Amino acid sequence: MYCLPHVLKMHLSSEYSVGNSMLELVRMKIFLWLQLLAKLQWSGAMPLSVLILATLLALVSANAQEHIRSLETVKSIFSDYCNECHSGPAADGGLDMSKLGLDLEKPEIFPLWERIHDRIEAGEMPPKDSSQMPFHDRSKLMQLVASELFRVHSANKATTLRRLNRREYQNTMNDIFGTDVDIADRLPADGRSHEFDNIGVALGISPVHLQQYLHSADAVIDAAVAKSSQRPPEKTISASYANSREGEQFIGKLWKKLPDESVVFFQNLGYPTGMLRGTEVPLAGRYRIRVTGYAYRSDSAITFRVGGTSFLRGSEKPTYGYFELHPGAPQTVELEAIIPLRTMVEIAPWGLDTRGYNLRDQGVDNYEGPGLAIQQVELIGPLYDEFPSRGHRLLFAGFERTEVPPKNSRSATVFALASPTVEEDTTAALLRVAEKAFRRRVDPVEIEPFLELFELQRSGGENLEQALRTAVAAIFCSPKFIYLDEPDGWLDDNALAARLSYFLTRTTPDEELLLTARKGELTDSPNALLSQTQRLLSDNRHFRFIEDFCDVWLNLRDIDFTSPDQTLFPEYDAFLQESMLQETRGFIDKLFADNLPIENLIASEFAMLNNRLARHYDISGVDGPEIREVELPQNSIRGGVLAQASVLKVSANGTNTSPVVRGVWFMERILGKPPLPPPPGVPGVEPDIRGATTLRELLDKHRSLESCRACHSVIDPPGFALECFNPIGGYRERFRSLGDGEKVLLEVAGRKVRYRLGPEVDSSGVLPDGRTFSNFVEFRRLLAADPQPLARALVTKLLTFATGREMGFSDRNTINRIVEQSKATNYRMQDMIKLVVTSEAFRKK
């Protein structure tokens, strides 16, 4: 009890410092009160239990009164400067100060006070044309509000016990067992907190989750366990279109057969598809695919898609990649892909255009255009990096597993698991598995429930292997696996290793990281933490971070949410969408990998392009389907994430664009300042796809409403700047229309377009600070000239994604310190990741 005041004094201290004398006074009162209580208990004048109770009551009572008085003081100041606009039923923005609650613990009240603080701090309130607060009143108000917001948020910001989301669960299971099982789609969708799907408070769990965890564990274990005692031989499957059922039907009509047994496709295949019977695989797994062919009657290479199609109705059609074949002698393109059971290869050319020649009516004999000649397709596999798998060895090390001769040729292969010391070997196996699952050393007492389950299965008649599998599956349904075990306060080495690994590789820590954690080096040495960070940034699993972070940060996961109107946008195709995602992910990966300044996020001198994107963006000199860095012409409208088709598609609805929707997307994702929702009863603004009225005209009327002006002055300018891009990311100077407008003399894939050109696009605007821009390039230049807000937003997003909780008011000092530190190196993006990892917010729960 003697040191209690000193300990509590340390805990009452805070990194938040604004010279707040009132907050320091409250802390000192508490400190002196505790000292008095300590003396009373030391002298025996008061029992310890009574002292503790009295302390708690005193703290609650004193604090509550102080907080209420603080906010009452604030409201008193507000009454002098704000009530003229913010009172009564017609209060601006729906904010009636007379009814503003004082209990910041309530989730509906806290954000209102936070918004008030931010708008006053930014100088937006009171408005320029209203009476302004004297410096003394403004300073006092800001200190009081800030201290209360800081107090409430810091007391409630600890990361909720966080479970693995679907992607993390799938990655972890497959990495532990060395499998490639699709688990994510089996599990219920993860809840979201704002844009993130890995936030603890949004990740609930249900009986459906538990049921699917059990099924998923069984599926992964079954895929990991060897089905034969010897490594299965790699088998080669060869097939050609010339000898397929489709070849018999379409050769001479839509396809052409050449003397070298090649079959030529002259158009992008819809029907018939390019599925090739005879390439369906007998076992699901990883295969090497070899496609042999050439560009027929063409001066340049022809791009084609390699994918899969299944006999099963409703099955997805995966794309394995886009490739090209050149004119001349046959060449072989080689790739590897995970192929599901009963799935065959499908090949489809891209970019072929018969230009008005009707193959169905006129046949192929008189057609002299280019085509894609496919001679042969081979599949080699299944391929194994290791045999048996690491999961097989994890389960059965120490056991003897032998193949039992089948009763007849139709019987499945059966194995018998045996051990002279069953209990000892089972305990060892479950300990091995538990340490992998729980991401730390495991005390033998922790696996007792799983040993009991094993014994229960054995007594119920299950054989040794099946009982062991059941116990192992139960481990992977345990909360110690499903949830990240993070203690309150500073993270220990195991928790820090897990947080770092799930941040940068989206999976369980590997052996090197776990070994570093066991030595205690992650918490003892910042250099060790940075060293592991650098290693994971170079790990080949780092692409998962790029994919997952881009999906939630930029909302790329909604790329399939809309289907562009084929009448308005006939040039849109699957290859373009695939390329869109690769462009943005490749671009963000390069920014991090090359440690480029954050201004490149908005205005870069390069883009990540392939032939499909180059055609879409009207950029010459880019051939081939592979994404690579391309230097852009000076003052190109491309360069930077805002001009990328993926971003422009997910911020539109497939038919038209809305400056409001894109403006909100920009504020949330790029500046990290989500606007308030519209006041109740205010109608939304919908575009007119008939081309009669532009959204700018409608928004001009919308902003005449007093309750809308403040937010739309911030939302609309970036939305207007992005109006020069259509819903699929193409540049435009006029809107496309399905109604009146100018006819367009253009063909896409041999068909005349049916849309018309409507009103001209106006991409000009005025920023809230009064700066003007006449087009997107000028807007982008203004944005890139002030990188600090971009850096603050990115740091906030990275911290949120890394810690599994939303950043809030009491995190602002940490974020500001990281941003200030990164300023010294010109806000370089990999540096920001390292500053995030070494920050208090990352290393503490």
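K253 contributes an accessible area of around 120 Å² to the protein surface, as traced by a 1.4 Å probe with all chains present.
Around the Cα centre of the stretch 225-359, unit charges on the Cβ atoms of Lys, Arg, Asp and Glu (plus for the first two, minus for the last two) sum to a dipole of about 380 debye. What's the local net charge at H209, with K and R +1, D and E -1, over the other residues with C-beta under 11 Å away? Surrounding charge for H209 is +2.
Counting other Cβ atoms within 10 Å of each Cβ, which trypsin sites (Lys or Arg not before Pro) in the stretch 408-445 have at most 14 and sit in a DSSP loop?
Details: sites: R410, R432, K436, R439, R440, R441; in loops: R410, R439, R440, R441.
Qualifying residues, ordered by number: R410, R441.
Of V306, G293, S262, which is farthest along the charge dipole of the stretch 238-307 in the positive direction, counting Lys and Arg as +1 and Asp and Glu as -1 at C-beta? Sorting the options by dipole projection puts first V306. Label-to-label distance, D740 versus D137, with points set 7 angstrom from Cα along the beta-carbon direction: 5.4 nm.
With every protein chain left in place, what is the accessible area per residue of the stretch 247-287 in square angstrom, probe 1.4 Å?
45
Computing Rg and the Kirkwood Rh from the Cα coordinates of the stretch 751-797 gives a ratio, Rg/Rh, of 1.24.
Between Q466 and K253, the modelled labels are 5.2 nm apart [label points 7 Å from Cα along Cα→Cβ].
Quick one: ranking T772, T516 by accessible area, 1.4 Å probe, largest first, what do you get?
T772, T516
Between K480 and D558, the contour length at 0.36 nm per residue exceeds the Cα-Cα span by 24.9 nm.
For R192, the solvent-accessible surface with a 1.4 Å probe is about 120 Å², rounded to the nearest 10.
Apolar share of the accessible surface for the stretch 446-505: 50 percent from carbon plus sulfur atoms, 1.4 Å probe. Here the translational diffusion coefficient of the stretch 496-591 follows from Stokes-Einstein with Rh set to the Kirkwood radius across Cα pairs; for 37 °C and 0.692 mPa s it amounts to 211 µm²/s. Taking a point 7 Å from the Cα of E316 along the Cα-to-Cβ direction, the residues of the stretch 155-191 with backbone N closer than 13 Å to it are 167, 181-187.
I'd like the FRET efficiency for Q566 and A122, computed as 1/(1 + (r/R0)^6) with the beta carbon distance as r and R0 of 35 Å, rounded to 0.05. Calculated transfer efficiency: 0.20.
Over the stretch 410-472, accessible surface divided per residue gives 53 Å², non-protein components excluded, 1.4 Å probe. Rounded to a whole number, what % of the accessible area of the stretch 184-249 do carbon and sulfur atoms account for, probe 1.4 Å? Roughly 50 percent of what the probe reaches on the stretch 184-249 is carbon or sulfur. What the Cα convex hull of the stretch 522-649 gives, in volume per residue, is 122 Å³.
Evaluate the stretch 107-150: find the radius of gyration of its Cα atoms, find its Kirkwood radius, and give the ratio Rg to Rh.
Values: Rg = 10.9 Å, Rh = 11.0 Å.
Computed over Cα atoms, the ratio is 0.99.
You can think of it this way: the chain between A397 and F543 has 49.4 nm of extra reach, that is 0.36 nm per residue less the Cα-Cα gap. Each Lys or Arg adds one and each Asp or Glu takes one away; over the other residues whose Cβ falls under 13 Å from the Cβ of R669, this sums to 0.
Compared with the alpha-carbon gap, the fully stretched path from E435 to E423 is longer by 2.5 nm at 0.36 nm per residue.
In the full protein context, the stretch 742-845 carries 46 Å² of accessible surface per residue, based on a 1.4 Å probe and ignoring ligands, DNA and RNA.
Per the Cα gyration tensor, the stretch 252-337 maps to an equivalent ellipsoid with semi-axes of 24, 16, 12 Å, ordered largest to smallest.
Expressed as a whole percent, the accessible surface of the stretch 380-431 that belongs to carbon and sulfur atoms is 52, based on a 1.4 Å probe.
Only protein heavy atoms count here; under a 1.4 Å probe, R138 has an accessible surface of about 80 Å².
Size descriptors for the stretch 396-435, from the alpha-carbon set: Rg then Dmax equal 13.5, 41 Å. Give the residue list of GluC sites (Glu not before Pro) in the stretch 342-390 that are DSSP loop and have at most 14 other beta-carbon atoms within 10 angstrom. For GluC sites (Glu not before Pro) across the stretch 342-390 that sit outside H, G, I, E and B with at most 14 neighbouring Cβ atoms in 10 Å, the list reads E368, E386.
Under the simplified labelling scheme, the V766-E820 pair shows an inter-label distance of 3.5 nm, with each label point 7 Å from Cα along Cα→Cβ.
The values are calculated or read from the model by the stated rules, or taken from the named source; none is laboratory data. Quick caveat, the model's predicted, so the values are computed rather than measured. All Cβ positions, even for glycine, are placed from backbone atoms using ideal geometry, and neighbour counts span all protein chains on display. Calculation scope for accessible area: heavy atoms of the full protein, side chains included, ligands and nucleic acids excluded. Shrake-Rupley method; radii C 1.70, N 1.55, O 1.52, S 1.80 Å.
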